[in-house]
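Data block below; observations after.
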Amino acid sequence: MLLVNDLSRRTAKYRELIHDALERVIASGWLVLGPEVRYFEQSFAAYLGTPHCVGVGNGTEAIQLALCALGIEPGQRVATAANAGMYTSTALFPLGAVPWFMDVDPQTQCVSLSEVRRAVGAGVKAVVVTHLFGMIVPEIEDIAAYCVEQGVPLVEDCAQAHGARLGGRCAGNFGDIASFSFYPTKNLGALGDGGAVATRHKELADRVQLLRQYGWATKYRVELAGATNSRLDELQAAVLSALLPYLDNDNRRRREVANRYSAAIVHPEIRVPTAADSGYVAHLYVVRTSRRESLRRHLHAFGVATDVHYPIPDHRQPVFGKVFAEVRLPVTESLVEEILTLPCYPEIGDDEVQRVIDTVNGWTT
């Protein structure tokens, strides 16, 4: 079976680098928030082109701590897309904040400036935009300028967009603060969980540093409320540092595969993403069809795995009960019935890409 993302190929490709990184940490005896974390924070900040980076436990906590550092309080509303896997909504629970859901553009599946305007007009206290599937939000510059004009902080969720660029600027450089995930499937992935918060504002970085470790100003002295235990460990930081120099090359390969799909998949019942440049790092390659389950069965029968990212929009998740029953997001609600993820990762072979293309094009009614 050709997997959507075969991590065994990635670890095999970088086995020696990973082994050396792990051995270095084991020999040092320092396992949490030590020199490897500091080195990765500096290296990733330099890669992004931002002054500050703080390593944390995972990408969801990165969103949570970013919002906490911005001063989001219980009962306040935070704007977010509803088609991005519930991660921002989950991050709001510990804060006692409430999601305010934005619809998305049907082509990019990302939020638009018009939706951000609608959210700000409704009185939200912060906006979170997700660079979904590896696509940098096309209107991110205008969204950022509008949020500054309105005095509403902007958080970029970059969990799927490591290295995506617009006008030479990396995702994470447009808003007030940005969150990253290093879950193993990400474009820059660790061997387990990990995350980071990046910002150009020193005061926000300083707050996140306290928030990630109990609110300690010094050991055992708690000075900041709303903190948690969310620390990037040395092993993951060392692996991330080893893989970071290869991120751009891997992103180029992802984009090459994605653009090849978009050029060669010509089935009349399937809509593919448009060919893209450095603004798209192809974290996921997602097509649309009104007969998704039929296509999934066909692909599976020919040994091609698929997935759905994501099948339930946030405002229809059971955890909310009927709280958002009156919310209507027509584009989002249409997309979740049609989207399908095809295999796309740097280690996939050219022959396997062609196999996927041929199998998709060979789907019959």
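The values are calculated or read from the model by the stated rules, or taken from the named source; none is laboratory data. As the structure is a computational prediction, the values presented were derived from the model and not from experiment. Neighbour counts run over all protein chains shown; Cβ positions are idealised from the backbone, glycine included.
A few comments on the model shown:
- Qualifying residue in region 189-202 (condition: at pLDDT 95 or above and in a helix (DSSP H, G or I)): yes
- For region 167-199, the set of residues classified as over 15 Å from the mean Cα position of the chain (by Cα) and surrounded by fewer than 19 Cβ atoms within 10 Å (Cβ to Cβ) consists of G167, G168, R169, L191, G192, listed by residue number.
- Of all the numbered requirements in (1) assigned to a helix (DSSP H, G or I); (2) under 19 Å from D351 (Cβ atoms); (3) among the aliphatic types (A, V, I, L, M); (4) touching a residue at least 40 places away in the same chain (Cβ under 8 Å), A282 misses one, and that requirement is (1).
- Residue check, F40 in contact with a Gly (Cβ under 7 Å, 6 or more places away or on another chain) and either surrounded by fewer than 19 Cβ atoms within 10 Å (Cβ to Cβ) or in a helix (DSSP H, G or I) (or both): yes
- Odd one out for G226 among (1) at pLDDT 95 or above; (2) part of a loop (DSSP other than H, G, I, E, B): (1)
- Flag if Y246 is touching a residue at least 40 places away in the same chain (Cβ under 8 Å) and surrounded by fewer than 19 Cβ atoms within 10 Å (Cβ to Cβ): yes
- Among the residues making up region 172-187, a single one is free of Cβ contacts under 8 Å to residues at least 60 places away in the same chain and either hydrophobic (A, V, I, L, M, F, W, C) or in contact with a Phe, Trp or Tyr (Cβ under 8 Å, 6 or more places away or on another chain) (or both): F174.
- Residue check for F174: closer than 16 Å to G57 by Cβ, aromatic (F, W, Y) and assigned by TED's automatic domain parsing to the domain that holds Y87: no
- Of everything listed in (1) of a type in the set (V, I, T); (2) crowded, with 16+ Cβ neighbours inside 10 Å; (3) within 12 Å of D233 (Cβ to Cβ), the single unmet condition for V32 is (2).
- When each of L210, L224, L204 is tested for being crowded, with 19+ Cβ neighbours inside 10 Å, without any contact (Cβ under 8 Å) to a residue 40 or more places away in the chain, under 23 Å from F93 (Cα atoms) and in the same structural domain as H131 (by TED's automatic domain parsing), the lone residue that passes is L210.
- Filter result (in a loop (DSSP other than H, G, I, E, B), hydrophobic (A, V, I, L, M, F, W, C) and either touching a His at 6+ places or on another chain (Cβ under 8 Å) or at pLDDT below 95 (or both)) within region 335-365: W363
- Of the residues making up region 1-34, those that are of a type outside the set (S, T, N, Q), touching a Ser or Thr at 6+ places or on another chain (Cβ under 9 Å) and either outside any helix (DSSP H, G or I) or over 24 Å from G163 (Cα atoms) (or both) are V4, G34.
- Any hit, region 66-75, residues being surrounded by fewer than 19 Cβ atoms within 10 Å (Cβ to Cβ) and either aliphatic (A, V, I, L, M) or at negative phi (or both): yes
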